């Protein structure tokens, strides 16, 4: 081994002296160095290439961001001191807008140092060292974003959070993030760390305080959660507040009602506080002893008690005003920036941006928001709604959640009400529900859409139909069982009421007449031409042509506000003024940035409008809302209204209007269910009417001149009073007067009746080919039915009543005795008969069946009956033994030879039928030629006809006398 080592060493020395080692080392070094150099060059070029691309992309993202100077940035980050305010009508202060978003400014000197330490440890551990951003945190966040990591860690510094909250929006996009980074670095150039921390602590959200307000700013949070100032916070309190901004709604200890959460609800916030304490310990802000003591401390004992706020007093009002004001401010901001609605619709990010800008402006720009709400009326209406005792019974039932788990819920009947000034559309007051809390926060006056039931009839059916001249208040409409397509509507209670006027149909809210009327105008799309022009926005395409909409059925429904708004059109002479709640909005400098301007739209002509409301007067005086009069303190007010009930009694409505205001109420369960409690002292409709009356009575006590005016609706020109026949709606005829069926009502002069009634005739009828036809002068009397006054078969056919199985279905329940005196043709009704000049065809297949003769009817279409002839023996003379309108005749056991002849409308007889011999006949009598028999028959026929004419004339004279006596008696009565 030793010798081998010596030889190897000698060889190395020889290579060294010969220069072999040096050459080899130099070549290896050169190769390795070139490789390293090449790699560095590639990396250097790649770094600049990637960096250049990144910088270029970054530049493209922020190219539209203006270069901000220190003054403009200061204005933005310190713009958190002014909160907008809400005012009732008459500039009565209500409170700061959304008092649940409340901020009180403070300085860093007034903040506990331990709170600052807690914030840095929790939100930005490198706050004192970085220049606005932490690159590795940003890179980590980007990697998590691109890899869709389930564990997300924050990449934003306190400076970035300040930029996001005060200058930018919460939009999630690379563009917004790039701008945030750029502005954060720029902010760090202009402001000291203390200035940035102070601004951050004044703007950051902290959840809810003990009044249920959403709060921002450390001083507000300290007072609102612990009842102490920010400089008085203990370590545990500071840690709790420092942890809140990560998820304020989860970690806040209070519900939106201001009540303290239960133990389970508090635990997330307490766990978050412990996390903050441990981070403070890791950064050596607190000792082991301080950590353990703070971890063991019962922070729940420090939470403060609640304080009243505007949200406590006026929750429905606050949220509704906020929603409407935000939308107005959004439109103002868009107008200032020349942004159109079409552009917003095409760009979701732009929509989100202006939503947030409007939200921020509304809460931070110090606006004065003046509403139309009358404080006095609003207060008393809320009191009535809270204390009303006759809503109906609570309902307990089982629901199933998305996971398929069943749970039990109890719902009480809710209500919504809106009062609108007719002339302007201003919303004077409303009732959003029976109480606003976390479980019942829905505003039933504005946010709930339901089937409006029969409240659709004046504004969708009778109003538009009168505008089109299809009906007038006195127009008779037949209420009998009918099918429209595949739908068979029924009246309430299932009954029918015969021929009634449109006025009566509306007063009593009969369904079939409403559908009949709507069917005649539905192709004109009254939903679009009337309802949608009156502010209804929730209709679907199918609603426009669905016949059941006549009874209020829609795919989704209509809100209380929109229904009341539509009815206020009737109270305003047919002019629609869109309802509104925000009168004006002023900025802190006193400049008006928005002011509502009413723009009335003509909907109904003055004549149609007056006739509609006059019909609605009857609803209140004697119709379905007649109960109302017993509940009103002032019954002299000129009220017009309409009740409504949806299918299966899910909803009850009442709309009432007078010359000044319109008030509408709705009651129903949140989950639709019948409110028709059989064992309740009041019906569902009476319960709603009583609530409506109590609201009006209370409001009238506050402002009688507005709510219960002494003026009455003015009757416009073009309205005339006319008499008409209750059968047809036409001008009364003598026969209609004789029947005592002349009525009087109001008409639009353009559509008043101008033609005389032809629904009644004096005379009788025959049945031809199964249809009733007025008897002619030559019609044989033996086949004539009726004697005196009767319905005109031609009129019945024209109106479509000819197919009724029973004409008495047209008889109304009132004055039925008068209608029953009118003869009704049996069977269906046919047109008048034309004479073809031919005798009818003979009946066939004559035979004896039991005690009857039977035969097949004549093939002619003008046959009114059959005459039966008998001879005592074959070949004998035939004598007429009777006549009939059927195809059988009873002869008992009377033996003989029989024939039958058909008789047509004009008295012509057919040839003999075949003979039939019954039993044994007597000796043969002297034969009489056929022509003699026919002549005798014709003479008999003529004699019978003359006799019929005499009888008709006699009966007509007798009837005239009776009618004269009846008319005289009626006048006397």
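Identification of helices (runs of 4 or more DSSP H) wholly contained in region 220-286 with 2 or more residues that are touching a helix residue (DSSP H, G or I) at 6+ places or on another chain (Cβ under 9 Å) and farther than 21 Å from residue 121 by Cα yields 263-282. Among the candidates 243, 217, the residue that is within 24 Å of residue 285 (Cβ to Cβ) and either in contact with a strand residue (DSSP E or B) (Cβ under 8 Å, 6 or more places away or on another chain) or modelled with pLDDT under 90 (or both) is uniquely 217.
Reported count of residues in region 605-641, each being over 14 Å from residue 693 (Cβ atoms) and in contact with a strand residue (DSSP E or B) (Cβ under 7 Å, 6 or more places away or on another chain), is 11.
Scanning region 896-904 finds no residues that are surrounded by 15 or more Cβ atoms within 10 Å (Cβ to Cβ), at pLDDT 90 or above and in a loop (DSSP other than H, G, I, E, B). When 125, 91 are checked against the criterion of being modelled with pLDDT of 75 or more, surrounded by fewer than 19 Cβ atoms within 10 Å (Cβ to Cβ), assigned by TED's automatic domain parsing to the domain that holds residue 188 and within 24 Å of residue 189 (Cβ to Cβ), a single residue qualifies: 125. Within region 335-348, if we keep just the residues that are in a helix (DSSP H, G or I) and over 30 Å from the mean Cα position of the chain (by Cα), the residue that is nearest to residue 324 (Cα to Cα) turns out to be 335. Checking the structure you have, find out if any residue of region 772-793 is at pLDDT 90 or above, part of a strand (DSSP E or B) and surrounded by fewer than 20 Cβ atoms within 10 Å (Cβ to Cβ). No; the residues of region 772-793 include none that is at pLDDT 90 or above, part of a strand (DSSP E or B) and surrounded by fewer than 20 Cβ atoms within 10 Å (Cβ to Cβ). Here residue 356 fulfils each of the conditions (1) modelled with pLDDT under 95; (2) out of contact with any strand residue (DSSP E or B) (no Cβ under 7 Å at 6 or more places or on another chain); (3) not in a helix (DSSP H, G or I) apart from (3). Collect the residues in region 744-767 that are more than 16 Å from residue 822 (Cα to Cα), in contact with a strand residue (DSSP E or B) (Cβ under 6 Å, 6 or more places away or on another chain) and in a strand (DSSP E or B), keeping them in residue-number order. 744, 746, 747, 756, listed by residue number.
Residue-wise test of (1) under 29 Å from residue 128 (Cβ atoms); (2) surrounded by 24 or more Cβ atoms within 10 Å (Cβ to Cβ).
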site: 219; (1), (2): yes, no
site: 225; (1), (2): yes, yes
site: 228; (1), (2): yes, no
site: 234; (1), (2): yes, no
site: 247; (1), (2): yes, no
site: 258; (1), (2): no, no
site: 265; (1), (2): no, no
site: 268; (1), (2): no, no
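Looking at this structure, is residue 345 loosely packed, with under 15 Cβ neighbours inside 10 Å, assigned by TED's automatic domain parsing to the domain that holds residue 257 and more than 22 Å from residue 595 (Cβ to Cβ)? In short, no.
Going by the conditions given, is residue 677 surrounded by 16 or more Cβ atoms within 10 Å (Cβ to Cβ), within 27 Å of residue 443 (Cα to Cα) and modelled with pLDDT under 95?
When the stated conditions are applied, residue 677 passes them.
For region 693-743, the candidate set comprises residues that are more than 33 Å from the chain's Cα centre (by Cα), in a helix (DSSP H, G or I) and touching a residue at least 24 places away in the same chain (Cβ under 8 Å); within that set, the residue that is surrounded by the fewest Cβ atoms within 10 Å (Cβ to Cβ) is 737. Taking the conditions exactly as written (without any contact (Cβ under 8 Å) to a residue 60 or more places away in the chain, under 18 Å from residue 625 (Cα atoms) and under 22 Å from the mean Cα position of the chain (by Cα)), does residue 511 satisfy them or not? Considered against the rule, which asks whether it is without any contact (Cβ under 8 Å) to a residue 60 or more places away in the chain, under 18 Å from residue 625 (Cα atoms) and under 22 Å from the mean Cα position of the chain (by Cα), residue 511 comes out as yes.
The values are calculated or read from the model by the stated rules, or taken from the named source; none is laboratory data. Only a predicted model underlies this, so the values are computations on that prediction, with no experimental measurement involved. Methodologically, a virtual Cβ is constructed for each residue, glycine included, from the backbone with ideal geometry; neighbour enumeration extends over all protein chains shown.
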